[in-house]
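Peer 1: Structure in structure tokens, see below.
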Amino acid sequence: MTEPAAQLVALVIDDEVQIRRLLKLSLETEGYLVFEAETGQEGLRAAVYRRPDVIILDLGLPDMDGTEVLKRLREWSKTPVLVLSVRQELEQKVTALDNGADDYLTKPFHAAELAARLRAIRRHSPPETADSVYQTGALQVDYSTRRVTIHGRDVHLTATEYALLRVLAQNHGKVVTHRHLLREVWGPQAEDQSQYLRVYMNHLRKKIETAEDASKLIQTEPGIGYRLSGSD
Amino acid sequence: MKEPSRPNPDALLAAIKQEDEKLRRGRLTIFLGMCAGVGKTYAMLKMAHQRKADGLDLVVAVVETHRRPETQALLEGLTAVPLRTVEYRGTTLQEMDLDAILQRRPALVLVDELAHTNAPGSRHPKRYQDVMELLETGIDVYSTLNIQHIESRVDLVRQIVGVTIRETVPDTILDQATDIQLVDLPPDALRERLAEGKVYLGAMVQTASANFFREENLTALRELALRVTAELVNQELREVMTTRRIEGAWKTNAKLMVAIGPSPYSAELIRWTRRTVSIMGAPWVAVYVESSAPLSEEETARLAKTLSLARQLGAQVVATSGDDLVKTLLRVAREERVTQLVVGKTLGLRWLEWFKGGSLVERLIRESGDLDVCVVQTGQSRETRTASKRLSLDLKPWSRDIILGGASIALVTVICWLLRDVTGYWAIALVYLFLIILLATRLRRRAIISIAAASALLWNFLFIPPAFTLRINQIHDLLMFVMYFIVALVIGNLTARLRLREWSERKREQRTAALYRLAQGVVESTTLEEGLRRAVQEIHNASGADCAVLLVGQDGRLSTTPHPAGTWTLTEKERGVAVYALEHREPAGRHTDTLPESDCLHLPLKTVNNKVGVIALHFPNNKTLLLDERELLETFADQVAVMVERYWLIQEAGRTQLAEESEKLYKTLFDCVSHEIKTPLAVIQAATGELGLVFDLVKETKGAQPFLKEIETASRRLGRIVDNLLSMTRIESGRYTLTPVWCDVDEIISSARQQVGDLLSRHQVRVLIPDDLPSVKVEWGFVEQSLANLAANAALYSEPGSEITISAQVDDSHLVLKVADQGPGLPQDGETRIFEKFYRGPHAPPGGVGLGLSIVRGLMTALGGTVSATNNPTRGATFILRIPVEMKRIPESL
């Protein structure tokens, strides 16, 4: 699938030299061209010059907080960002995701899992404007006609269910937080009503996760949100 | 512009508030009669029996039957609270037991003779004050009262029967009564009852019949009683109209102001005004104008009494100062929007008034504009008139003035006599004048005037020819003599007045200086102890009193031990007075109306919205407290209260800041440690994983895979221990904030399983969650970690391949999570010990430090939940978490 001409560029922003070295080694075996940055400032500069396809960001940086780097980055860039941190509190994760991170991985981590996550978040990024049809595995969503099919068969969704699926599909591979979903589907005043979400999500799952398609299309990130990523 | 007749919002609000107060307080019913023997007590008991039949919890606090058989019979069947026996100077007195009643808290209490004066040593000097306290705690009271005991009618009663009544109750208590029952009996009937011996027994009948119970007296008293009742009913009606906004109830915008002073007639004026306003239903103000002339001790005491009488009778008391009485009165009247001014008709010196531009009353009338001025005749009865002493500046004895004045006059006379041939007799007059000026700075006015007169006579007798006679021959000598006399008087007077003014200035300055020193001391002192010590010192300097300071402690109650800054200690009884002062936010103890028998004056230390303590002042040997002294002390107390509150706030701020600093330090340290340990672990784990991938590709290195697995297992274990140690530290330090979020239990369980996935990989994990489990609001991280630890524990203690069951349910307000394994079960007697830190069970596999379960307990404690463990009926153990949660059931069909 990787085209030989355009090598993928990854930017690692982490102050730990060992982690950087390790990530560089493991990402290079995955075929990435890896650039490193030790501080937040350096990282932001590198994000401008190197035009990375994906950024791996540590939250505990010496000069500024990782969340701050994320905010500044999101002012101008849509480059997928994976946050890699020792902080494992739920709140930290949600904050990072709400501030524009695409995924979150806590240290210690498995190299294989990192690679998989990077693949997932990279996919949805560039051509979201042009595509009017979304496809993952057996699931197909036609944004222009609001038609949803599984294995070519029509699935009937209510307006709310369709809205949920659309938000998840547009953020393919990315963890969409409860708050994000609620805001997109019900509006900002509903941000604290996460208990509704479960009910709708269950309905949606029942309709699109058919018996034949055993792989779970919609994954639950416990306490954080949901992620739509089919077998691609 | 004329005011429209609509209710003034303030008045309406006040009416509503008063109405509310009445609702919250106990209800007072007064059985009012014209005199003894009309059957008030009888009527009260009758009614009490009715109420008792209704099932009301009522007790008799005190009833005076005067051994009348009918009344005594009515006491049968009513519960009585035993009277309290008081020993006083060898005799035993019986008084109502207020505390016993307050403790019993009945719905209704019968208290006879409202105007009774309590035995010395009781909490309140008067019984009506006891009744007020009962009402304040919400207990209803029935009481009886004779018309002659109402404060504002005392003068009228005296005019009728010629006896001054000493036992009185203020009119305000009538205002507070929710019900007035008039017990009326025609005079003839009463006299009949008296004759039959139903009122008094034995010989008393005759004397009573001849004196008090004369027919004309009774008729007058009866009329008075009927009138008072009518007024009260009228007033009630007006109150009803006010609250219901009935048009026409707003005809009077009247407000009265009565001018009072230290004169003994002021009390009469106050009573007159009170009677008038109660008929008009108008508010009233009592104003006292302080002039620069100081008052004698007696006058000060009388003024204080008069002012407190005015307060008791419901007046708003205004004290102001100014040397021109008329101007000041009119200024206050304008400020207070008064419509009528009440002044007494005083009998002054005619010529002096003419000299000052008319009498006070005349000037008032001339300058008052549209203000009505009521001039009231006072002092009809000579019996209240007592000589008032003006201007006793210092308390040095008169003898000193006489000796000093006489001696200096004699000395100067002798010297002048010796020099008379040299100087001539005219110069001698000047020498005398000089002496008068000198003495005027030393002696009081009356002495100076006597000396001036004496010197004039001496000069005439000894020096003006013909000597040794009082005759004056020469016309210029006569002129000289008259002039001398006048000049001597004026000089004496002026100097004395100057001194007075200087004296009062000095007094004022002393006060200001004392306050300034106190304020300065407060600012300069760096600790509360030092500040209080200074305050105690200043109070001692100003009043000579020793102080005990009691502050309110953390629990909001007054501390039992006095603050070490005090110089006095309190007995348990005095402490009770202090508590009273604090709770009622008003001074109590000596020199007050509450518990005046105490040793100390207790001033509450109160700020606008805080009660910080009490300062108790113990004065040396029966010192009388002057009005301005007491005011100064109260101001002191307020200052001290503000100071204490300020220190408290500073302390509070300091504590908060310290906590913040240490929180910050802790967080930095914690983050640093966790980062430093976890990063190398992460590197090891990631590198191992990577290495595994590489080794998999190369055939020659495949045999190395088991070693990699060992490294991975070890690093995971190390990681878990680090996590546990960090969690333990966090829980034990109490440095966590709970931010519960709405979540789904199945998500928590799956997240916990993920956390310890490697440990559970060789077990069969079953999860049992009912379909209708509601969403719960809970601290996600704590529950997840607890579950993960329990699951890890289950996996470690049971055979691989065996089953681990995780189940969830809710009961009323708790989330119940269970983790069951099929291991060896709990160790004997280990059911509680397993949750102890570093405890390891007998079947514990190697590795692990015994923190997992103690962390679970810590987390549960933090959430207000519990963890427990039991053995399963067949095999293994079950761990149960019970966590209080908020829950929300969402219908599946939305």
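The values are calculated or read from the model by the stated rules, or taken from the named source; none is laboratory data. Please read these numbers as outputs of a predicted model, since none were measured by experiment. Cβ placement follows ideal geometry from the backbone for every residue including glycine, while neighbour counts extend to all protein chains displayed. Keep in mind that these areas ignore ligands, DNA and RNA; they rest on the heavy atoms of the full protein, side chains included. Shrake-Rupley method; radii C 1.70, N 1.55, O 1.52, S 1.80 Å.
Peer 1: What figure in square angstrom, to the nearest 10, would you give for the accessible area of B:T861 with a 1.4 Å probe?
Peer 2: B:T861 has an accessible surface of roughly 100 Å² with all protein chains in place.
Peer 1: Same structure again: Provide the net charge surrounding A:S77, with neighbours chosen by a C-beta distance below 13 Å and charges set as Lys +1, Arg +1, Asp -1, Glu -1.
Peer 2: Residues close to A:S77 contribute a combined charge of +4.
Peer 1: Now for a different question. If I take all pairs of Cα atoms in chain B, what percentage of them are more than 51 Å from each other?
Peer 2: I get 50 percent for the Cα pairs in chain B exceeding 51 Å.
Peer 1: Net charge near B:T607: determine it from the other residues with C-beta under 13 Å of the C-beta of B:T607, scoring Lys and Arg +1 and Asp and Glu -1.
Peer 2: +2
Peer 1: May I pose another question? Once the dipole of the protein assembly as shown is set up with Lys and Arg at +1 and Asp and Glu at -1 on Cβ about the Cα centre, which of B:W426, B:C374, B:S408 lies farthest towards its positive end?
Peer 2: It is B:W426.
Peer 1: Sticking with this one: Using a 1.4 Å probe on the protein heavy atoms, what percent of the accessible area of chain B belongs to carbon and sulfur?
Peer 2: Carbon and sulfur atoms account for 56 percent of the accessible area of chain B.
Peer 1: Now for a separate question. Set the Förster distance to 45 Å, then compute FRET efficiency between A:E28 and B:Q764 from the Cβ-Cβ distance, nearest 0.05.
Peer 2: According to the calculation, E is roughly 0.65.
Peer 1: Compute the angle between helix B:572-584 and the longest alpha-carbon principal axis of chain B, please, reported from 0 to 90 degrees and rounded to the nearest 10.
Peer 2: Result, in degrees: 90.
Peer 1: What is the interface area between chains B and A, defined as buried accessible area summed over both chains with a 1.4 Å probe, reported in Å² to the nearest 100?
Peer 2: Its buried surface, counting both partners, is about 2800 Å².
Peer 1: Could you sort B:K255, B:K699, B:K709, B:K837 by their accessible area in this structure, using a 1.4 Å probe and putting the largest first?
Peer 2: Result, largest first: B:K699, B:K709, B:K837, B:K255.
Peer 1: While we're on this one: Counting only other chains, and only Cβ atoms inside 10 Å, what mean value do you get across the residues of B:709-719?
Peer 2: Mean partner-chain Cβ count within 10 Å for B:709-719: 1.
Peer 1: On average, how much accessible surface per residue is there in region B:530-669, in Å², for a 1.4 Å probe, leaving out ligands, DNA and RNA?
Peer 2: With the other protein chains kept in place, region B:530-669 gives 53 Å² per residue.
Peer 1: For the protein assembly as shown, what does -39500 (n - 2.57) per DSSP helix run (n ≥ 4), summed and divided by total residues, give at 222 nm, in deg cm²/dmol to the nearest 500?
Peer 2: Rounded to the nearest 500, it is -16000 deg cm²/dmol.
Peer 1: Would you tell me the mean number of C-beta atoms belonging to other protein chains that fall within 10 Å of each C-beta in B:419-428, as a whole number?
Peer 2: 0
Peer 1: Mind grabbing the accessible area of B:Y42 for me, 1.4 Å probe, Å², rounded to tens?
Peer 2: Near enough 90 Å² of accessible area.
Peer 1: Could I ask something else about it? Tell me the angle of helix B:425-440 to the major Cα principal axis of chain B, expressed in degrees between 0 and 90 and rounded to the nearest ten.
Peer 2: 30
Peer 1: Find out how many positive minus negative residues lie around B:E196, taking Lys and Arg as positive, Asp and Glu as negative, among other residues whose Cβ is under 13 Å from that of B:E196.
Peer 2: +1
Peer 1: Leaving out ligands, DNA and RNA but keeping every protein chain, what accessible area does B:F481 have, in Å² rounded to the nearest 10, with a 1.4 Å probe?
Peer 2: Only protein atoms counted, so the area is about 30 Å².
Peer 1: Now, a different point. Within 10 Å of each Cβ of B:690-701, how many other protein chain Cβ atoms are there on average?
Peer 2: Rounded to a whole number, the mean comes out at 2.
Peer 1: Continuing with this model, one more query. Short version: what are the Cα gyration tensor semi-axes of chain A, square root of 5 times each eigenvalue, largest first, in whole Å?
Peer 2: Semi-axes (√(5λ), whole Å): 31, 20, 16.
Peer 1: At a 1.4 Å probe radius, which order do A:D142, A:D58 fall into by accessible area, largest first?
Peer 2: Ranked from most to least accessible, the order is A:D142, A:D58.
Peer 1: If you wrap a convex hull around the C-alpha atoms of the protein assembly as shown and split its volume per residue, what is the figure in Å³?
Peer 2: In the protein assembly as shown, the Cα hull volume divided by residue count equals 346 Å³.
Peer 1: Okay, moving on. Where does each of B:E95, A:E68 land when they are ordered by accessible area, with a 1.4 Å probe and the largest first?
Peer 2: Listed by decreasing accessible area, they come as A:E68, B:E95.
Peer 1: Same structure, new question: On a 0 to 90 degree scale, rounded to 10, what angle separates helix B:127-136 from the longest Cα axis of chain B?
Peer 2: 30
Peer 1: Give me the percent of accessible area attributable to carbon and sulfur for region A:28-155, probe 1.4 angstrom.
Peer 2: Ligands and nucleic acids excluded, carbon and sulfur reach 46 percent.
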